[in-house]
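Following: one structure in structure tokens, then a few remarks.
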Amino acid sequence: MRISRIYNNNVALTVNHLGQEAVVIGRGIAFGKRKGQMIDPAAVEQTFVPEQGMSGERLSLTLSEIPAEILSIATGLESRVRADGVLELSNSFIIPLADHMHYAVMRAREGVRVDYPLAPEVTLLYPREVEYGRSVIAAVRERLQVQMDPGEAIPLALHLVNAQFATADMSQAFRMTEVFAQVFEIIEASYERTLDSDSVSSARFITHLRYLFVRASREGEPQEIDGVSQPSLLAALRADAPRAFACAQKVLLVLQMQLNHSLTRDELTYLTIHIARLAREMWGIKE
């Protein structure tokens, strides 16, 4: 790797023999170096490759402003999440996550607190991501001796949610959270019960909603799902679980309005099945 530009002693933009850019980070990796000189691969601690929509120069500048310890915590979180195998992440989330952590630490040092209005919804819908967010706060406290506000677990969790959409645009995560909160309100109103967000049933239902949201957010005409498109199946569900079916119809209508996307009969079938299971497992309602 040959140096293209040096940002500080620890961050440099490099180009390989194929002309591909990469930002390399390492303590003193660029100290005493000049443009055009080679980087010692053994000195490289972290490598970041610019993704579509971000130049190598912009990526280098962003990384040069983030302390190495914060980048280390962010990459450590990524490694742990991938090792756990419970979330599928894009490769683009480390930079915005570390950037958020950097400014959150600065706010904590200055005693500035930020309120996040979606905190109850995020805690309900993404408990696993919130736990990861709390682990970041603990790591910052241990390694930087800085106590971040506990509420910072919410935006950190949303970065993980957004990473599952393979986009740097956080609006997807906020939008999905608001839509899911509406769906849960409909279910609770339909059954006059309160959902237990920590239950396996809720987690399973949320997983289905996530996949539905991702499918509906993609462009193109809705497609029927193989093996589910039998009218007789939906008719049987309507007869056997009328309450779940009526609730699923309301949920489907809200999803179509909020996503501005037509959903198929298959989605109504799946929603009915999941809502009926949720009611049975959580509240003992067998219709």
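Nothing in this text is a laboratory measurement; each read-out follows from the coordinates by a stated rule. Computed from a predicted model, the values in this text were never measured in an experiment. Positions of Cβ are backbone-derived with ideal geometry, glycine not excepted, and every protein chain shown enters the neighbour counts.
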Mind listing the long-range amide H neighbours of L195? Cut-off is under 5 Å, sequence gap 5 or more, other chains count too, H placed in the peptide plane at 1.01 Å from N. none
Shape call for region 68-163, from the Cα gyration tensor axes a ≥ b ≥ c (a/c under 1.5 means rounded, otherwise prolate when a/b beats b/c, else oblate), comes out oblate
Specify whether the C-alpha gyration tensor of region 178-283 places it in the rounded, prolate or oblate class, a ≥ b ≥ c being the square roots of the eigenvalues: rounded for a/c under 1.5, otherwise prolate if a/b is larger than b/c and oblate if not. oblate
Residues meeting the amide H criterion for I285 (H placed from the backbone, H to H distance under 5 Å, 5 or more places apart or on another chain) are R280
Express in nm, to one decimal, how much length is gained between Y116 and S171 on full extension, taking 0.36 nm for each residue of separation and deducting their alpha carbon distance. 18.4 nm
The base-10 log of I(q)/I(0) that the Debye equation returns for the chain at q = 0.11, 0.16 Å⁻¹, one scatterer per C-alpha, is -0.75, -1.20
How much net charge surrounds D198 when only the other residues with a Cβ under 12 Å from the Cβ of D198 are counted, with Lys and Arg +1 and Asp and Glu -1? -1
Assertion target for V254, V140, V200, V24, ordered by fewest C-beta neighbours within 10 angstrom first, is V200, V254, V140, V24
Taking the Cα centre of the chain as origin, sum charge times position over the Cβ atoms of Lys and Arg (+1) and Asp and Glu (-1), and report the length of that vector in debye to the nearest 20. 540
Stokes-Einstein D for region 2-53 (37 °C, 0.692 mPa s, Kirkwood Rh from Cα pairs), in µm²/s, comes to 304
Please report how far the C-alpha centroid of region 238-287 lies from that of region 1-68, rounded to the nearest whole angstrom. 51
Quick check on the exposure proxy: order S79, S197, S60 from fewest to most C-beta atoms within 10 angstrom. S79, S197, S60
Per-residue [θ]222 nm for the chain (sum of -39500 (n - 2.57) over DSSP H runs n ≥ 4, rounded to 500): -19000 deg cm²/dmol
Could you put R175, R82 in order, starting from the residue whose Cβ has the fewest other Cβ atoms within 10 Å? R82, R175
